[in-house]
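Nothing in this text is a laboratory measurement; each read-out follows from the coordinates by a stated rule. Everything numeric here is computed off the predicted structure, so don't read it as measured data. Neighbour counts are summed over all protein chains in view; Cβ atoms, including those assigned to glycine, are modelled from backbone coordinates with ideal geometry.
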Amino acid sequence: MDDHILTATSELKAWTTRVRPGEAEDFMRDFSEAGRESGSELLVLKADLVFGSDHMRSAFYHARKAIEEGRNASDSVAMETLLYSSGERQLSAAIRKMSVDKETETVAIISLGGTELEPGHDWMKMPGIPESVSTADLRRFGILDPELETVSRERAIELVLERVAAVDILKK
């Protein structure tokens, strides 16, 4: 990851944790409310569609830049980050894709700044780049087989980062 992006997103913190089947939506709602009350910008997403903290750093960086330049689709940095993290053009599609649902059992908790977030005891710090990336998860993210054939398995995360950066083009 580019040093400039790392510096510009230094306040981003990311973790994953497991939740019981059917409890992810309540976790997200409770957590988001607590974040609003404390002045934090927080996201709770499907962990299997978040490909490491570098993925979220790139999305956060592009979201902030879009807001600064008046190209944002949302008034919230968290929602703009959600849009970029999804690689989608429309916010409604991004929400459908990345938001937790009844089947979600592992969530990604992303703090974009504000009040320092104290991680739960069972939260695991998210790595910059995951050790392994499931081809099935990449496909669910929207990466097509012809795209997967262009890179080695170790570099598949780059396809996700390309999608994040391409949101600027897609939004036009």
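For the reader, a short list of remarks on this structure follows.
- At R0 = 30 Å, FRET efficiency that the Cβ-Cβ distance of Ala93 and Ser10 yields, to 0.05: 0.50
- Here the gap between Ala166 and Thr106, fully extended at 0.36 nm per residue and compared with their Cα-Cα distance, gives a gain of 18.9 nm.
- Cα Rg over Rh - the stretch 3-170, Kirkwood: 0.94
- Report summary: the helix-based calculation at 222 nm, which adds -39500 (n - 2.57) for every DSSP H run with n ≥ 4 and divides by the residues of the chain, gives -13500 deg cm²/dmol.
- Counted charge near Glu116, where neighbours are those whose Cβ lies closer than 12 Å (Asp, Glu -1; Lys, Arg +1): -1
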